[in-house]
Amino acid sequence: MRYTVIGAGAMGYRLGVLLQEQAGLQVDFVDTWMPNIDKVHDQGGVYVSRDHENRHLVPVNIYTPEDYKGDPDVWIVMVKQMQLEGVLERCAPLFRDHQVVYSAMNGWGHFDKLLKYFPKERIYGGTAMIGTVLNGPGDVDFIGKPGSGSVHLCAMTEQTTDLERRMAEDFKAANLNPILTENFEGTCLAKIIFNSVVNTICTMYQITMGQFVSYPGAKDMSRQLIDEAYDACERAGKQLIQTRQETLDEVDYVSRVGNPLHYPSMYQDMSKGRPTEVDYINGYLARLGREHDYVCRTQEFLTHGVHLAELAFRVHHEEQADQG
């Protein structure tokens, strides 16, 4: 099948490059960040590293929505939640009735936007438990050894399709370790809960996942956030794909073994002066709880905490600039 990635950021590049390089598939990229597009055109591709080493150029095709003429079988959407609506509006003339869309974006909110352009039967969601860093325009760093991490795929209809199985075969060939599920919300919520722990805390304290898990109290902090999230989900009648203990173990394993050198995407956004997605992660869980008469006090506090960290980061860097 032919794939086109909307959003040539860290994870967009990771999925697209691996599908192109490892699975030998036709992959295009559509992006709206002109410095990224111009850089790729100027250097003839995207520079790819792994764990800060072996930096090499991978030729890729990248376009603006207005310049793209391709007709993929599958759109892979990996855009920041705050930018998605505008990006989809620009891409809308490209969408066709035979196409499907897959998104493993962080947070919750993107599927409502995708439903404006694709029927439920052609939407696939999931998670990408893979660490990646966008160093700058046309320069990406894959965190973790080849084959580390995994992706989940689930049809929005919660009925596994032949096309979904073909996607899984392609993802397997790309060394992405796909896992098929038939619980759409439960699958996506698993990543939201994971991110509500690791992304938030690492961002507030500007540390890697490995540095976080090395703190003796990391497991207690993780358990408190996970319990709140599960309590909110259970009151909302949402069935998750793993237990509280399995989620706690996953946070520990991914942080300690899988991606100890990784700064989560939320920190990457803050450190580059961009808004974070905390309102779609911790904020979403907090809202879900209140909608069902349960207050996620720690999730609410950390939502404010990340926004305060964004402010503090700007203040400190403005002070440094003034002193420099």
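The values are calculated or read from the model by the stated rules, or taken from the named source; none is laboratory data. Bear in mind the structure is a predicted one, so any value in this text is a computation, not a measurement. Don't worry about glycine lacking a Cβ; one is built from the backbone with ideal geometry, like all the others, and counts go over all protein chains shown. Protein only, heavy atoms only, side chains kept; ligands, DNA and RNA dropped before computing areas. Shrake-Rupley method; radii C 1.70, N 1.55, O 1.52, S 1.80 Å.
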Report summary line: Here the relative contact order (percent) of segment 135-210, from C-alpha pairs under 8 Å and at least 6 apart, is 29
Report task. As a check on your grasp of the helix formula, calculate [θ] at 222 nm for the chain: sum -39500 (n - 2.57) over DSSP H runs of n ≥ 4, divide by the residue count, round to the nearest 500. Result -> -14500 deg cm²/dmol
**Report entry** Fraction of the pair-distance distribution of segment 61-144 above 20 Å, Cα-Cα pairs, percent
**Finding:** 39
Report task. Could you work out which residue, out of R256, R287, R90, moves most in a Gaussian network model of the chain, that is, has the largest mean-square fluctuation with Cα springs under 10 Å? Result -> R90
Query raised in the report: Rg to Rh ratio, the chain, alpha-carbon atoms and Kirkwood radius?
Result: 0.95
Query raised in the report: For segment 166-324, what are the per-bin percents of Cα-Cα distances with bins 10 Å wide, up to the bin holding the maximum?
Result: 10, 35, 34, 16, 4, 1
Query - Mean separation of Cα contacts under 8 Å (6+ apart) over length of segment 74-188, as relative contact order % - result: 22
Query raised in the report: Top mean-square fluctuation among T208, T276, T160, Gaussian network model of the chain, C-alpha springs under 10 Å?
Result: T160
Query raised in the report: What distance in nm separates the simple spin-label points at S49 and H98, each placed 7 Å from Cα in the Cβ direction?
Result: 4.2
Query raised in the report: Kirkwood hydrodynamic radius (Cα pairs, Å) of segment 74-210?
Result: 16.0
Report summary line: Rounded to the nearest Å, the spacing of the alpha-carbon centers of segment 94-124 and segment 140-159 is 17
Report summary line: Expressed in nanometres to one decimal, the distance between label points 7 Å along Cα→Cβ at E291 and D42 is 4.4
Report summary line: Connecting every pair of Cα atoms under 10 Å apart in the chain and solving the GNM, the largest mean-square fluctuation among G237, G44, G107 falls on G237
**Report entry** Proximal charge balance of R165 [Cβ under 14 Å; K/R count +1, D/E count -1]
**Finding:** -4
**Report entry** Sites matching GluC sites (Glu not before Pro) across segment 121-195 that sit in DSSP coil, with at most 14 neighbouring C-beta atoms within 10 Å
**Finding:** E158, E182
Query raised in the report: Where in the chain are the helices, taken as whole DSSP H runs, whose Cα atoms extend 30 angstrom or more along the long axis and whose Kyte-Doolittle mean reaches at least 0.5?
Result: 184-205
Query raised in the report: How large is the accessible surface per residue of segment 155-313, computed with a 1.4 Å probe and reported in Å² as a whole number?
Result: 45
Query raised in the report: To the nearest 10 square angstrom, what accessible area does T127 show with a 1.4 Å probe?
Result: 0
Report task. With a cut-off of at most 12 other beta carbons within 10 Å, and DSSP calling the residue loop, which trypsin sites (Lys or Arg not before Pro) in segment 99-151 qualify? Please list them. Result -> K116
Requested in this report: Return the distance in nm (one decimal) between the two label points of a simple spin-label model at L57 and A236, each offset 7 Å from Cα along Cα→Cβ.
Outcome: 4.6
Requested in this report: Give, rounded to the nearest 20 debye, the magnitude of the charge dipole that segment 1-102 has about its Cα centre when Lys and Arg contribute +1 at Cβ and Asp and Glu contribute -1 at Cβ.
Outcome: 180
Query - Most positive-pole-ward Cα, F313, M34, V257, against dipole of the chain from beta carbon charges - result: V257
Query - Residue-by-residue Karplus 3J(HN,Hα) for segment 100-112, coefficients 6.51, -1.76, 1.60, Hz, glycine and proline x - result: 10, 10, 10, 9, 10, 5, 6, x, 10, x, 6, 6, 4
Report task. Tally up the carbon and sulfur contribution to the accessible surface of the chain as a whole percent, 1.4 Å probe, everything protein left in place. Result -> 49
Query - Relative contact order of the chain, defined on C-alpha pairs under 8 angstrom at six or more residues apart (%) - result: 16
